[in-house]
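Asks: The structure under discussion is supplied below as structure tokens; questions concerning it will follow.
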Amino acid sequence: MAPAQPSRPPVQSPGARYRQSDFFRPDRGEPDRTYSPVAGFIHDAAGPEDEPHEVLWLRRCARQATIRVRSHPAYRAACVVGAWPGGSQSLLHSVMADLLVQEWAATRTREESPVPGDDEQVLRTALGTALPQARAGAPEAADAVRAALRGLLPGDPAVLTVDTACSSSLYALDIGSKLLRSGRVDIALCGGVSVLEPTMSVLFSAIGGLSSSGRLLALDAEADGTLFSDAAVLLTLKLLSRAQEDGDPVLAVLAGFGGAADGRGRSIAAPNPAGQTRAVRRAREERSLEPEDIDWIVAHATGTRAGDAAEIKALGEEAPEAGWHCTATKALVGHAGWAAGAASVAHAVLALDRGVIPAQPNFRRSAHPLGQLDIPRSPQAWESTAHRPRIAGISAFGFGGTNAHLLLADPQPPLPAARALKNLVHDPLVLVAWSAHLPGNFSADSARAWLNGTGAPLPRSSTTPVRPLPPWVCPPRP
């Protein structure tokens with residue numbers, strides 16, 4: 001029986017968000033256009049028209065992630081979210097509209113007379129056709145998180161946004177866990193959010209990173225690129241002892257985290273397997289786990305040939321003799337960008353709950369030697385046992401090698417104790433060296449002399465005038 005043909009994502013149109021015809025061209029050589037019309041868009045008409053997508057989605061995630069969790073009014077709360085300004089079409093449109101109005105007003109002021117307020121409103125109304133998401137007071141990433149959380153967490157929760165590209169939400173989980181383990185907070189919501197806008201597709205088309213077939217075939221020999229998707233994911237974290245005291249359902253235990261950098265590389269599309277290996281090993285080192293203790297790897301696996309090849313090489317060499325199951329969430333939901341790692345964590349939590357490691361969708365064969373990796377073509381039983389916890393490793397790798405690997409385990413039986421936890425929490429941090437490049441001849445000796453009051457004054461900032469902006473001309477519509 002022939003294998004089923006891979007299907008395209010069910011949602012491909014941006015709807016009213018932007019006109020796809022303005023950015024799509026089937027010719028791969030067309031500049032400033034995308035050759036792939038396929039992406040995963042969330043269409044939701046239930047939210048207020050003046051509310052950005054990221055606020056609406058994060059609020060819904062926060063409500064769902066806390067509905068069965070006790071949150072005492074005295075608890076200190078934090079929310080750490082992987083996000084970036086380019087992941088908000090509302091912010092991009094609003095900033096662009098403001099810049100165009102400011103430049104137009106400055107030009108009118110220089111050439112004629114102060115611009116009447118009515119004229120500015122007419123211009124903003126006209127720009128609303130081309131920039132439909134523009135609105136006054138569009139929130140930046142941290143502001144969007146605060147707006148989404150309003151009234152849902154106790155007190156005034158601390159908010160932090162993280163941008164390490166596609167690994168952002170795994171780093172958000174690590175930061176949240178450190179806040180909890182240090183005693184600074186009692187409950188933390190961590191995850192990521194990413195709202196599709198055409199810039200990402202145009203940029204990835206320029207480097208040939210998007211799938212031209214309209215299929216995201218992660219880990220497969222026929223993979224020809226990635227496909228992006230809207231996403232928002234939040235996960236609620238507590239210390240195990242507090243969750244048990246509060247009677248919360250414990251879905252999984254964070255069993256270790258490893259971060260690493262690739263160092264110097266050829267390009268963002270050519271990751272270094274050595275950097276990925278370091279992240280995987282560091283995650284195990286936290287509790288002195290061996291490769292044999294891990295059952296399943298949820299790979300980053302974007303569907304790009306170079307990226308998947310590097311990851312398969314790193315995992316294949318690191319896997320134990322008994323092997324690892326290996327799958328990728330992106331083949332199901334697309335590349336969720338800054339929320340991708342958290343989406344894979346949610347996938348692993350579901351697998352723990354149901355006792356099944358899922359099959360890899362649409363996988364036929366690998367173009368590379370898999371070593372001790374097994375990419376399952378059918379669901380694999382993953383039942384809990386009394387003698388060892390089930391453990392999954394989740395990878396997320398960002399541009400240029402911002403690598404992250406998170407281990408997720410059963411609540412029972414207990415994991416080995418974390419190594420030197422007391423030292424990690426209580427040992428003071430010390431600064432052992434410094435280095436800087438500053439304007440002028442500002443060496444270490446001149447810095448010491450300046451601090452002692454015996455040296456020359458600090459170099460003044462540049463007096464070179466800022467070059468004026470070039471005239472802006474609206475390009476004709478294609």
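Asks: Which of (1) among the β-branched types (Val, Ile, Thr); (2) open to solvent by 10 Å² or more (accessible area, probe 1.4 Å); (3) within 13 Å of the chain's Cα centre (by Cα) does VAL345 not meet, given it meets every other one?
Replies: (2)
Asks: Additional query: So in the stretch 130-168, with the set limited to residues that are in contact with a Pro (Cβ under 9 Å, 6 or more places away or on another chain) and open to solvent by 60 Å² or more (accessible area, probe 1.4 Å), which one is modelled with the lowest pLDDT?
Replies: Here the answer is GLU140.
Asks: For the stretch 145-168, how many residues are closer than 23 Å to THR304 by Cβ, among the β-branched types (Val, Ile, Thr) and in a helix (DSSP H, G or I)?
Replies: Of the residues in that region, 0 qualify.
Asks: Identify, from the list ARG264, ARG282, the residue that is over 30 Å from PHE41 (Cβ atoms) and at pLDDT below 95.
Replies: ARG264
Asks: With respect to ARG419, determine if the residue is open to solvent by 100 Å² or more (accessible area, probe 1.4 Å) and modelled with pLDDT of 80 or more.
Replies: Here the answer is no, as ARG419 does not meet what is asked.
Asks: A follow-up question, please. When both residues are 6+ apart or on different chains and their Cβ atoms are under 8 Å apart, which pairs have a first residue that lies in the stretch 158-169 and is closer than 17 Å to HIS300 by Cβ, and a second that is modelled with pLDDT of 95 or more and of a type in the set (Lys, Arg)?
Replies: Here the result reads none, with nothing in the stretch 158-169 linked to a residue that is modelled with pLDDT of 95 or more and of a type in the set (Lys, Arg).
Asks: Moving to a separate point now. Starting from residues that are crowded, with 22+ Cβ neighbours inside 10 Å and β-branched (Val, Ile, Thr), keep the ones in the stretch 186-210 and report whichever is farthest from the chain's Cα centre (by Cα).
Replies: Result: ILE187.
Asks: Another one. Pull up the stretch 85-95, narrow it to residues that are surrounded by fewer than 20 Cβ atoms within 10 Å (Cβ to Cβ) and not small (Gly, Ala, Ser), then point me to the one that is modelled with the lowest pLDDT.
Replies: PRO85
Asks: Condition test on PHE442, is it assigned to a loop (DSSP other than H, G, I, E, B), aromatic (Phe, Trp, Tyr) and at pLDDT 75 or above?
Replies: No.
Asks: Could you count how many residues in the stretch 360-376 are open to solvent by 30 Å² or more (accessible area, probe 1.4 Å) and at pLDDT 95 or above?
Replies: 1
Asks: Does SER241 qualify as being open to solvent by less than 30 Å² (accessible area, probe 1.4 Å) and either among the hydroxyl-bearing types (Ser, Thr, Tyr) or free of Cβ contacts under 8 Å to residues at least 12 places away in the same chain (or both)?
Replies: No, not satisfied.
Asks: Pick from THR304, THR277: which is open to solvent by less than 30 Å² (accessible area, probe 1.4 Å) and hydroxyl-bearing (Ser, Thr, Tyr)?
Replies: Criteria check complete, one pass: THR277.
Asks: Now for a separate question. Which residue, of THR226, THR236, is buried (at least 20 other Cβ atoms within 10 Å of the Cβ) and farther than 30 Å from GLY29 by Cα?
Replies: Among THR226, THR236, only THR236 is buried (at least 20 other Cβ atoms within 10 Å of the Cβ) and farther than 30 Å from GLY29 by Cα.
The values are calculated or read from the model by the stated rules, or taken from the named source; none is laboratory data. Everything quoted here is computed from the prediction, not taken from an experiment. Note that we place each Cβ from the backbone using ideal geometry, even for glycine, and neighbour counts take in every protein chain shown. Surface accessibility is based on the protein's heavy atoms, side chains included, excluding ligands, DNA and RNA. Shrake-Rupley method; radii C 1.70, N 1.55, O 1.52, S 1.80 Å.
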